[in-house]
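Each remark here refers to the structure printed beneath this line.
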Amino acid sequence: MVEDQNSETVAIGVELVAAGWKLKTTILAPAGPRRLIQLLPLANALADAVTGMAERALEKQGEKISCRKGCAACCRSMVPISEVEARRLRELVESLPDPRRAQVVTRFAEVLCQLDEAGLLDKLRTREQWTDLENKKVQVEYFLQGIACPFLEDESCTIYGDRPASCREFLVTSPAEKCALPTNEEVRIVKLPFRVMSALARFDTGPATAERIRWVPLVLALEWAIEHPDTSAPRPGPELTRELFQHVADQEDVRVTFR
């Protein structure tokens, strides 16, 4: 670990290795105390790097990612995000100028009303009690409502640069129209060596319950973040960065090495 010349960042060499896959890079981690929310740009960059590598590997096999602007079926699914991302979305909405902020807040409220009318809102608020079977059932019920993400406008994401890891990591190679049905077995989802969203969620879950990570439905992000403010103490940036990559390695058959 080498300290950067401006002493504001620390260079950490990282190597992630999985079956038939390797990522070797140097991360400039913030040197001073930070909260996890301040590492989200780094986490998003990692997610983009992995999906980019997956896309290039598919192209060598003659396949292409079929996701395009205007194809927004996934924006009507129940998007799971980590707790830190829920807090980040609230920060993002609060930073918007009026009347834009009021419009987005109203959209979130309208979505919750629609879910309540469909009998799904209480289920989403008690997701910790779900079994795997119930999880799949609610996902299908949610998708069939056709409720668009509050950030979706004209079939495009209005927070694309700040979108959560789950949105970045959901890619398909099948034709867009195949995504119209939630149980369509013809949808070919791109398999990634790991999920950054799951790594972020492990910060909140802890080792004892690592198989049942905590998450928040994107549509509940604002109300959840208001009810659960971040009370954690800042930690050294390099420590948080290393832990993020360690949580990546905790998911699958992935090995992480620091240099």
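The values are calculated or read from the model by the stated rules, or taken from the named source; none is laboratory data. Everything numeric here is computed off the predicted structure, so don't read it as measured data. Please note: Cβ atoms are built from the backbone with ideal geometry, for glycine as well, and neighbour counts cover all protein chains shown.
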Residue within the range 69-89 that is surrounded by 14 or more Cβ atoms within 10 Å (Cβ to Cβ), without any contact (Cβ under 8 Å) to a residue 40 or more places away in the chain and part of a helix (DSSP H, G or I) present: no
Residue list for the range 8-21, filter: farther than 17 Å from Glu243 by Cβ and either among the acidic types (Asp, Glu) or loosely packed, with under 12 Cβ neighbours inside 10 Å (or both): Glu8, Ala19, Gly20
Test: residue in the range 143-158 that is within 18 Å of Arg76 (Cα to Cα), among the aromatic types (Phe, Trp, Tyr), part of a helix (DSSP H, G or I) and in contact with a Pro (Cβ under 7 Å, 6 or more places away or on another chain): yes
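For residues that are of a type outside the set (Lys, Arg) and loosely packed, with under 10 Cβ neighbours inside 10 Å, scanning just the range 54-68, find the one that is farthest from Val17 (Cα to Cα).
First pass over the range 54-68, keeping only residues of a type outside the set (Lys, Arg): 54-55, 57-59, 61-63, 65-67.
Checking the rest, the ones that are also loosely packed, with under 10 Cβ neighbours inside 10 Å come to 61-62.
Numbers: Gln61: 21, Gly62: 24 Å.
Here the residue is Gly62.
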Criterion: part of a strand (DSSP E or B) and either charged (D, E, K, R) or under 20 Å from Arg259 (Cα atoms) (or both) - qualifying residue of Glu63, Glu15: Glu15
Residues within the range 194-210 that are at pLDDT below 90 and either among the hydrophobic types (A, V, I, L, M, F, W, C) or surrounded by 12 or more Cβ atoms within 10 Å (Cβ to Cβ) (or both), tallied: 4
Single match in Glu227, Glu169, Glu223 (criterion: of a type in the set (D, E, K, R), modelled with pLDDT of 95 or more and surrounded by fewer than 12 Cβ atoms within 10 Å (Cβ to Cβ)): Glu227
